[in-house]
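Okay, structure first, notes after.
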Amino acid sequence: MPAGQSHDVQQAMRDAARASAHGSRWLLLLRSPYGKAFDRALVRWTGWSLITWAFARGGGHPYTPSLLLQTIGRRSGRIRSSVLPYFPVGDDLVVCGSKGGGPLDPLWAENLRADGNCWLWVNRRLVPAWGHEAVGDERVALYPVMAALHPGLDDYQERASAYGRDVPLVRLRPKEPLPAGVSPARTRS
């Protein structure tokens, strides 16, 4: 058990993973270290995420385009990578730190709070970006937009609220133009 985490927190994290898997055991296998490594490579080279597709299908939702977010580890200083579905909102790409509605925020969100510099692999191209969590009035304004775009956000927020946390909504602002395929036609503000 990781230092500083009680057995109850560990159990709550396992329960959240099971709930977000929509009862499919094979979805839990995809979330293994090997499954995640395969998915990171897949997103980097094809722009498509098997894990995002599997969870969307398991929940009865359409596939949401995914990116590979690379952050700087707040403790290690090493590059950390996470595959996340994204939603274009205005000039930004927004990602949600649902973590299945569990008790803890995802590590990538903690990393961005410590240092907003990040990189996005989106549509097979690496783009430098700046990320920040929407808080206060910005979060209040962004949440209904995201709830309309992200079919499971309300459920994740309800589960996360039981642990006293809000699902982080993180705006990723590219520092250079996005590749073709991330068009303003898909963008909502």
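Against the conditions (1) more than 25 Å from G60 (Cβ to Cβ); (2) buried (at least 20 other Cβ atoms within 10 Å of the Cβ), A141 satisfies every one except (2). Tallying residues that are at pLDDT below 95 and either of a type in the set (F, W, Y) or touching a helix residue (DSSP H, G or I) at 6+ places or on another chain (Cβ under 9 Å) (or both) within the stretch 123-149 yields 1.
Taking the criterion of being outside any loop (DSSP other than H, G, I, E, B), touching a residue at least 40 places away in the same chain (Cβ under 8 Å) and of a type outside the set (D, E), the residues of the stretch 31-78 that qualify are K36, R40, V43, R44, W45, T46, L67, L68, L69, Q70, T71, I72. Residues that are of a type in the set (G, A, S) and more than 27 Å from L42 (Cβ to Cβ) within the stretch 91-144 comprise A114, A134, G136, A141, listed in sequence order.
To keep it simple, each residue is scored yes or no on (1) assigned to a helix (DSSP H, G or I); (2) touching a Leu at 6+ places or on another chain (Cβ under 9 Å).
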site	(1), (2)
P128	no, yes
E138	yes, yes
P144	yes, no
D155	yes, no
G164	no, no
V167	no, yes
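Out of A56, A41, I need the residue that is under 22 Å from P168 (Cα atoms) and among the small types (G, A, S). Which one? On inspection, the qualifying residue turns out to be A56.
Considering A12, A109, A3, the condition of being modelled with pLDDT of 95 or more and either out of contact with any helix residue (DSSP H, G or I) (no Cβ under 7 Å at 6 or more places or on another chain) or aromatic (F, W, Y) (or both) is satisfied by A109 alone. Candidates in the stretch 108-123 are the residues that are touching a Pro at 6+ places or on another chain (Cβ under 7 Å) and in contact (Cβ under 8 Å) with a residue 60 or more places away in the chain; of these, the one that is nearest to L67 (Cα to Cα) is V122. Y63 meets all of the listed conditions (1) hydroxyl-bearing (S, T, Y); (2) more than 16 Å from L178 (Cα to Cα); (3) buried (at least 19 other Cβ atoms within 10 Å of the Cβ) but one, namely (3).
Only a single criterion out of (1) within 18 Å of Q157 (Cβ to Cβ); (2) buried (at least 18 other Cβ atoms within 10 Å of the Cβ) is not satisfied by D39, namely (1).
Count, please, the residues in the stretch 79-122 that happen to be touching a Gly at 6+ places or on another chain (Cβ under 6 Å), buried (at least 21 other Cβ atoms within 10 Å of the Cβ) and in a strand (DSSP E or B). The number of residues fulfilling the criteria is 1.
The values are calculated or read from the model by the stated rules, or taken from the named source; none is laboratory data. Quantities reported herein were computed from a predicted structural model and do not represent experimental measurements. We place every Cβ from the backbone using ideal geometry, glycine too, and count neighbours over all the protein chains shown.
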